[in-house]
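Report on the structure given below.
Read-outs throughout are calculated quantities, based only on the coordinates presented, and are distinct from any laboratory measurement. In this text the structure is predicted, and so the values were computed from the model without any measurement. All Cβ positions, glycine included, derive from the backbone under ideal geometry; neighbour counts span all protein chains shown.
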Amino acid sequence: MHALRTTLVLGAFWLAIFLAGGYLVQVHLKARQEKLEARNKELQDDLRMKQNLIASYTTVESQLGAMQTVWAYRSKAIPRREAAHETYEYLDKILSRHSTSLNFDFLVLAVRDTGGVRSADYKLEGEARFPDFYRFIWYLEHLPRYLRINSMQLQDTEAKKDGSRGEHWVRFDLNLTAISADRPGFDQIHYTANVTAPADNYDPFRQPAKAVVSVPANTLGLPNVFETRLQAMTPTQAYVIDQNGELKVLNLGDAVYLGYLMDIFPDENRVVFYLNKLVPPRQVSLRIGGDK
């Protein structure tokens, strides 16, 4: 009878432990897993965004180089005489080159005449889709008539974002100076139609699209260097606290999530990981104390 009672007590004890363990696994650890998965998704989205920006850098750099070359070799001239209404007509001709959303008020700020050289300051206040405004500025700079842009202010117009086209409207204040010289050698400038067209896909107000990049899941629970702290090191080993708060010892060449430990610099308290499974691949440094 005593043995039976002892058996029942032990059975109840182990049943309580089993139930408590089941509760811990089903509730506590499940909640932690969901939190980690949500954090992982957030990091994946951020990583894809950065990959897209890195990938687009070469394209932007190439476009900038081409634009700088065109700008450097442009030909500019100054007319002999030009009144305010003629300047306005010139700007209107620019707008008539393409269908445009751009509209503005044209204000005369100041007119000066010194020794036959006339300079007139104008202010343009208006709004447009950014690609239309960008095209307008492009032609101001590349058509032969010399107009000096003194200042430019742009503001994104929240109420007129055109989501269907992926374009943004902007309000703008543009100050420029028109110069004419009533002197021998300055003639009327003929309107030129053959000008290099501006890039039609440039919009700094547009948010970078998240790149669709497939990266393998961290099924092996490898240290994620973006959530890992470097604690200590030797010339051949790195001691890190991973995203789960666990201490991991890494040797040179050991795998981490999306890459491996590439190098250790004890004198700099720094290690370098090479993430060769990213597109494009990149190096990430960790330092003792948390600074990357």
Exercise. Among residues other than ASP105 whose Cβ falls under 13 Å from its Cβ, what is the net charge (Lys/Arg +1, Asp/Glu -1)?
Worked result: -1
Seminar exercise, completed: proj_area_mean for region 84-181 (convex hull on C-alpha atoms), units nm², value 6.5
For this session: Sum up the charges of everything whose Cβ sits under 9 Å from the Cβ of GLN153, counting Lys and Arg as +1 and Asp and Glu as -1, but leave GLN153 out.
Result: 0
Seminar exercise, completed: By the C-alpha gyration tensor axes a ≥ b ≥ c (rounded if a/c is under 1.5, else prolate when a/b exceeds b/c, else oblate), the shape of region 225-287 is oblate
Seminar exercise, completed: For LEU53 and ASN103, extending 7 Å from Cα along the Cα-Cβ vector and measuring point to point gives, in nm, a value of 3.7
Exercise. Residues with beta-carbon under 13 Å from that of ASP92, excluding ASP92: net charge, scoring Lys, Arg +1 and Asp, Glu -1?
Worked result: +1
